[in-house]
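All of the numbers you see were taken from the coordinates with simple rules; none came from a lab. Given the structure is predicted, the values throughout are model-derived calculations rather than measurements. In this analysis, Cβ positions are derived from the backbone assuming ideal geometry, glycine residues included, and neighbour counts consider all displayed protein chains.
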Amino acid sequence: MNDIELPQDYVDGVIARRGGRAHVFETLAPAKTALVVVDMQHAFVAEGAPFEIAAARALVPTINNLAATLRAAGGIVVWVQATHPPRGSPEYFAMFFENFVAPDQRERAHGSVTKESPLHAIYDGLEVLPLDQIVEKCRPSAFIQGASDIEERLRALGVDALLICGVATNMCCETTARDAMMRGFKVTMVADANAANSELEHQAGLLTMFRYFGDVRTSADVIGLIDASTRLQDAAE
């Protein structure tokens, strides 16, 4: 866990709480796993965008590598897009936009995550393939009731494990991961494939996930698990 740069005393406490295990899930079955890429859209990643998280731009190669590795092993890639209805719609997220966004920024911020905006699109350089799933959500968590149809889609595909990446670590990624765990999915946050507005916020999201809701691993760890599973399957055939 030290390569994720979580405080060692915190990590030690969580491991002790788990009976000596650093990870809840020691193996990964690629055919039952989905890489869930959260909000990697121009609205959140592009320079000068309303919800810009500058560190997210560095995630592109890592996410592409994870996606390619999991696809090759028989897994699923899901691109989750924040997609909000017009103001005045019954589904408009008034609680957030009217209270947590400054009045002079509200229209631009909300507009950037509507389908009419070019900022709604998935960020340039991310490799989205026709066999991937694209899910639209209208709340921070993709799994909260009424936000999207992601759970139904994943269950229909036989998926029971999720690798969460994207932005922001401590907002849409964390809320999606928490709710997925509470719906019975095995959740892993990929530390170096998530980003937030600051290192403090990024770490805060990982700390909470690691203690209570799932695993936290690096992309190298995850790819190692995928490769190990593939080797075992090949040996059994």
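Points to keep in mind about this one:
- For the range 183-211, a residue qualifies if it is free of Cβ contacts under 8 Å to residues at least 24 places away in the same chain and part of a helix (DSSP H, G or I), and the qualifying residues are E199, L200.
- Residues located in the range 97-115, provided they are in a helix (DSSP H, G or I) and within 20 Å of the chain's Cα centre (by Cα): S112
- Candidate set from the range 116-152 (those that are in contact with a Ser or Thr (Cβ under 8 Å, 6 or more places away or on another chain) and part of a strand (DSSP E or B)); member that is nearest to V78 (Cα to Cα): V135
- Put simply, of L131, L119, L70, L126 the only residue that is in contact (Cβ under 8 Å) with a residue 40 or more places away in the chain and in contact with a strand residue (DSSP E or B) (Cβ under 6 Å, 6 or more places away or on another chain) is L70.
- Screening L119, L70, L162 for residues that are under 19 Å from M40 (Cα atoms), touching a His at 6+ places or on another chain (Cβ under 7 Å) and surrounded by 14 or more Cβ atoms within 10 Å (Cβ to Cβ) leaves exactly one candidate, L119.
- Members of the range 191-222 that are under 20 Å from E151 (Cα atoms) and either among the hydroxyl-bearing types (S, T, Y) or crowded, with 20+ Cβ neighbours inside 10 Å (or both): M209, G214, D215
- Output for the range 104-124, where each listed residue is of a type in the set (S, T, Y) and more than 15 Å from V167 (Cβ to Cβ): T114, S117
- On inspection, G184 fails the criterion of being among the small types (G, A, S) and in contact with a helix residue (DSSP H, G or I) (Cβ under 9 Å, 6 or more places away or on another chain).
- Residue ID - farthest from F210 (Cα to Cα), chosen from residues in the range 35-49 that are surrounded by 18 or more Cβ atoms within 10 Å (Cβ to Cβ) and in contact with a Lys or Arg (Cβ under 9 Å, 6 or more places away or on another chain): A46
- Condition met for E52 (crowded, with 16+ Cβ neighbours inside 10 Å, under 30 Å from V101 (Cα atoms) and of a type in the set (D, E)): yes
- When residues of the range 175-190 are limited to those that are among the aliphatic types (A, V, I, L, M) and surrounded by 22 or more Cβ atoms within 10 Å (Cβ to Cβ), the one nearest to A72 (Cα to Cα): V190
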